[in-house]
1. Enumerate the pairs (first residue in the stretch 53-78 and of a type in the set (D, E, K, R); second residue anywhere and part of a strand (DSSP E or B) and at pLDDT 90 or above) with beta-carbon separation below 7 Å, excluding pairs fewer than 6 apart on the same chain, so at least 6 apart or on different chains.
2. Consider the stretch 96-154. How many of its residues are surrounded by 12 or more Cβ atoms within 10 Å (Cβ to Cβ), of a type in the set (S, T, N, Q) and not in a strand (DSSP E or B)?
3. Identify the single condition in (1) surrounded by fewer than 11 Cβ atoms within 10 Å (Cβ to Cβ); (2) among the polar types (S, T, N, Q); (3) touching a Ser or Thr at 6+ places or on another chain (Cβ under 9 Å); (4) at pLDDT 90 or above that residue 59 does not satisfy, given that it satisfies every other one.
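The values are calculated or read from the model by the stated rules, or taken from the named source; none is laboratory data. If you're wondering where the values come from, they're calculated on a predicted model, not measured in any experiment. Here the Cβ positions follow ideal geometry from the backbone for every residue, glycine too, while neighbour counts run over all protein chains shown.
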Amino acid sequence: MSRYLVSMVLAVGLAAACSSALAQTPVAPGGAIDPGHVHYAWASVTRVDPVYRSVQVANPYQQCQQQSVARGESGSNTTDALVGAVAANQVAGGDGGMIQDAVTRCRQVHNVSQERRIVGYNVEYRYRGRVYNSRLGYDPGTRLRVRVTVTPDD
């Protein structure tokens with residue numbers, strides 16, 4: 001036999017072997033599981049444990065103080081001063097035409113605290129007599145929907 005004929009026989013045989021193997025694999029194009037080999041069922045939940053994580057939480061609030069300020073009789077803002085300046089002026093003798101007012105001054109303050117928050121649930125469930133464990137983002141209650149995939153054991 002010629003080399004060409006032997007190569008063709010080997011190529012056809014290899015293609016036939018691969019196609020029968022691929023026909024048994026329940027994988028759709030793109031690597032997804034063939035929907036014909038998947039069904040859904042219900043499992044009984046036997047245990048649910050919340051999973052906690054400590055997180056830092058910033059709680060902003062306003063902190064306000066009343067302060068006395070002095071201003072000139074004309075009321076211009078350029079002559080505003082704190083009480084300390086007024087007191088010093090009064091100790092020195094004289095009020096210099098200043099009037100005292102009460103002003104509320106506020107500033108934003110961040111109080112940081114630690115909180116325990118639920119970040120998931122460790123779930124134990126039973127399906128067809130076997131016990132399984134998963135971490136879920138929600139509490140499933142007493143039943144859990146499960147996806148069952150059937151594939152041949154090669």
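1. That search, which allows pairs on different chains as well, returns 53/117; 53/119.
2. So the answer is 1.
3. (4)
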